[in-house]
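The structure under discussion appears below in the form of structure tokens.
The values are calculated or read from the model by the stated rules, or taken from the named source; none is laboratory data. No experiment lies behind these values; they were computed from the predicted model shown. Glycine gets a Cβ as well: all are built from the backbone with ideal geometry, and neighbour counts include every protein chain shown. These accessible areas exclude ligands, DNA and RNA; they are computed on the full protein's heavy atoms, side chains included. Shrake-Rupley method; radii C 1.70, N 1.55, O 1.52, S 1.80 Å.
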Amino acid sequence: MATAQEAGAFRINQESADLARDLRKLARAATVVALLTSPAMIVYLHRQDGWPWWGAVLAALGSAIAFRGLVDVLVRRLIPWPSLFGTDDGVLMEQDIVARRRAWFWRRMYRWALIWAILGGAVAAIFFFAGIHVSGATAGAIAITIGQLLITLPLLFLVNFGILFGPLMLMGITQMRGYQPGDADWGVRLEDVRGQAEAKEEVRRIVTLWQSGELFERAGGKRERGLLFHGPPGTGKTMLAKAIATSFNAPFIAMPGSGFAQTFIGMDVVIVRWLAWKAKRLARKWGGQCIVFIDEIDAVGMRRSALQGQGMNPLALSNNPTFYGPWGAVNPSGDVIVEGPAWRDHVFAYRAPEPARRKLPAIVNQLPGGMFGGGMGQLALNQLLVVMDGLDNAPWSRRVGTSLVNTLLDATYFFPRRIGRVPLRLRPPRPRKEQIYFIGATNVPLDALDPALTRPGRMGRHVWFRTPTKDDRKDIFELYMKKVAHAADLDTPRRRDEIARITNGYSPAMIEQVCSLALTYAHHDGRTSFEWDDLLEAMSVLEAGAAVNVQYTDQETRAVAIHEAGHATAAHVYRPEVESSRLSIRMRSDGSLGHHQSFEREERFGIRWQREFFGSLVHGLAAMAAEQVFYGENGNGVSGDLMGVTNQVATMVGVAGMGPQQFDLSGAEHGDETRDRILRKFEAIGLQIMNRTRGSADVHQDPIASILGDPFKRRVAAEILGQAFATAVYFVEQNKDKVAKIADELVEKREIYGDDLLELLDAQQLVKPEIDWTKDASWPQAMMIREPAWQRS
């Protein structure tokens with residue numbers, strides 16, 4: 001079968017080649033006829049019409065060429081073009097290209113001649129029937145006037161376009177800031193970008209190839225054209241771009257993504273093309289390289305599907321807890337904070353300002369479509385993609401000029417393609433050597449950006465900027481504390497480690513601010529350098545928002561201290577994977593009366609075990625347990641704790657399929673009955689404390705309410721919740737005096753940080769008691785425990 005197809009293809013190609021040769025013979029015959037008739041035309045023009053001999057020769061030559069072109073047009077109209085696909089005859093292929101170019105040129109020439117002939121005939125007919133006699137001079141003046149109109153009208157159109165759209169385009173162009181080497185010095189070097197070691201190293205390798213990658217390209221490699229910085233806001237993306245511009249010693253153009261949004265359709269395309277033109281111009285001026293940095297590129301690079309609503313991912317719900325407020329508390333009351341990767345992503349995203357979006361006038365928003373684009377980001381994106389792909393093309397003027405010259409030479413029929421090995425045509429222009437490199441920065445997930453933008457060849461190299469971990473914060477403090485005067489004891493490894501631990505969630509900008517603020521307090525007291533206490537005070541003011549320095553009543557102060565001490569002691573015993581970093585009863589600007597803050601000892605991005613979830617429940621319920629133990633009742637301050645643990649236990653049961661912790665009943669008679677009875681008690685306690693402020697809902701709208709609406713899931717969730725609360729109560733009862741000591745210390749100091757807090761917790765020698773659930777003394781006595789109605793029936 002394949003052989004037959006190949007034979008058929010060969011036959012078709014051979015026929016096409018034969019046809020091409022026959023057409024060439026026909027064209028040559030037409031040329032011979034034109035040349036043979038030319039002498040007669042020369043003699044006629046010279047003798048009869050009195051033309052000079054050289055004018056007659058040129059006219060005859062032009063007529064021969066025009067006749068030859070007419071033959072090509074007619075032949076190509078009557079006979080189809082031969083298909084030379086698969087032909088190995090290079091000479092035949094080149095001749096075919098020349099023939100097609102000649103036919104195209106003369107077809108356009110005759111078309112325009114016909115149009116002008118019809119227009120001239122129409123004008124002459126109008127003058128004839130109107131009885132108007134037009135002399136040669138008058139006809140020439142009319143022709144000149146028409147030519148002037150043809151030139152003036154486009155100019156007037158451009159002038160009006162500039163008057164109407166010029167100010168709007170100027171608003172977009174002014175956001176395009178170009179910096180030539182030496183014009184701007186941000187004072188930022190690569191070594192000044194701290195906390196992003198992996199990102200810096202990745203960028204360093206790419207930029208090295210940008211600046212001196214000739215050998216790399218000669219070896220067959222291809223330099224990356226675009227970089228995409230992605231990560232939470234405030235992690236140093238813009239700072240690293242400035243460091244690249246400073247170190248690269250090349251022109252740098254900065255453009256916000258929102259600057260492409262324009263009022264009228266098509267104006268964003270003009271802005272993109274202006275950006276490309278400016279980058280190429282600067283690159284030619286400064287050695288052939290230019291960097292274009294587009295901040296918030298998601299404003300122009302979002303794909304359409306990303307703008308539509310997406311369903312909730314149950315896996316994400318399981319791995320990432322819900323966070324509340326600017327400090328990412330795990331409960332709505334804001335007093336339990338545990339630092340981890342997801343927590344840092346939340347607080348950095350929460351602090352991020354809304355991207356600047358140009359608002360259109362109200363009248364524009366009321367108009368239906370038309371010329372008002374209303375932020376046609378897709379047009380700007382499409383044009384940006386075209387520009388990035390077109391950087392390897394030769395300049396437009398060279399391409400057009402080369403094509404025009406070669407077409408005219410081919411259309412004359414007298415100039416061969418080459419003489420021997422010497423070509424008589426202009427070579428195709430090569431792309432310029434200028435290199436334009438694009439850097440984009442975004443806070444949105446990569447899958448929300450258009451794949452055409454993030455693919456290899458455009459912005460195919462992605463550099464992730466993570467939120468600063470404890471070690472990153474230590475590195476950032478190393479940078480900024482060198483710039484401000486401080487006490488010598490703050491430079492010890494122990495103190496630096498402590499500073500990094502207690503500054504959970506601090507961005508580089510916040511670290512710089514807190515150092516400056518601490519020095520302000522020192523100078524206010526007449527000291528030239530700040531100390532540990534100044535740093536702590538600066539942190540308190542920065543976090544609380546200029547110090548919400550309210551004074552609680554003695555009773556309320558003691559109650560808040562008991563509440564927070566319950567959280568801290570339970571976390572110290574039941575959550576070995578976290579370390580406490582701060583305990584406070586100072587009110588924050590988010591309304592929390594106090595807070596216990598901790599961080600994960602090891603960065604973890606994946607699996608969490610059931611025992612860790614259970615420890616987190618004990619941690620969250622320990623404040624309510626402490627109030628029950630110390631006061632025999634609890635206040636409304638536990639509402640946020642209950643909502644947080646209810647959400648968590650629903651996720652444990654409804655998403656991860658978890659159940660209550662195992663407990664030992666080896667010494668009990670009738671083990672199964674005893675186990676069922678204990679579980680029913682757990683359930684009774686859990687149902688009593690479970691937050692049920694949510695109604696029933698579909699899982700995509702409210703997964704927590706959907707899970708709790710299932711009777712079986714609710715029963716298991718209540719069992720886990722009841723077990724966690726009973727464990728927390730028994731723990732506080734067994735360590736009541738130690739919890740009281742921590743609360744007393746907190747009342748006195750109001751805030752305890754870092755090593756001081758760890759030493760205080762360790763000194764109490766808190767006990768994790770073994771619980772025998774078969775004994776009544778192990779159960780919370782302050783709560784009325786009764787079996788659910790369905791169980792009693």
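Note on segment 406-423: residues that are of a type in the set (A, V, I, L, M) and open to solvent by 60 Å² or more (accessible area, probe 1.4 Å) amount to 3. The residues on offer are Leu84, Leu78, and the sole one that is at pLDDT below 75 and over 19 Å from Ala29 (Cα atoms) is Leu84. The sole residue among Asp772, Asp756 that is surrounded by 13 or more Cβ atoms within 10 Å (Cβ to Cβ), modelled with pLDDT of 70 or more and over 53 Å from the mean Cα position of the chain (by Cα) is Asp772. Restricting segment 621-656 to residues that are modelled with pLDDT of 85 or more and part of a loop (DSSP other than H, G, I, E, B) leaves a set whose member that is most open to solvent (accessible area, probe 1.4 Å) is Glu633.
Screening the candidates Ala27, Ala60 for the property of being surrounded by 11 or more Cβ atoms within 10 Å (Cβ to Cβ) and at pLDDT below 75 yields one hit, Ala27. All conditions but one from (1) within 39 Å of the chain's Cα centre (by Cα); (2) of a type outside the set (S, T, N, Q); (3) open to solvent by 10 Å² or more (accessible area, probe 1.4 Å) apply to Met539; the one that does not is (3). The single condition from (1) at pLDDT below 90; (2) in a helix (DSSP H, G or I); (3) not small (Gly, Ala, Ser) that Asn691 fails is (2). Residue check: Glu198 meets all listed conditions (1) touching an Asp or Glu at 6+ places or on another chain (Cβ under 9 Å); (2) assigned to a helix (DSSP H, G or I); (3) modelled with pLDDT of 70 or more but one, namely (1).
Of all residues in segment 89-142, those satisfying the criterion of being open to solvent by 60 Å² or more (accessible area, probe 1.4 Å), of a type outside the set (Phe, Trp, Tyr) and modelled with pLDDT of 80 or more are Arg107, Arg108, Met109, Arg111, Leu114, Ile115, Ala117, Ile118. Might you let me know whether segment 721-731 holds any residue that is closer than 22 Å to Pro780 by Cβ and open to solvent by 20 Å² or more (accessible area, probe 1.4 Å)? Yes, there is a match, as at least one residue in segment 721-731 is closer than 22 Å to Pro780 by Cβ and open to solvent by 20 Å² or more (accessible area, probe 1.4 Å).
For Pro429, work out the one condition from (1) open to solvent by 60 Å² or more (accessible area, probe 1.4 Å); (2) modelled with pLDDT under 80; (3) within 30 Å of Ile291 (Cβ to Cβ) it doesn't fulfil. That leaves (1) as the condition not met.
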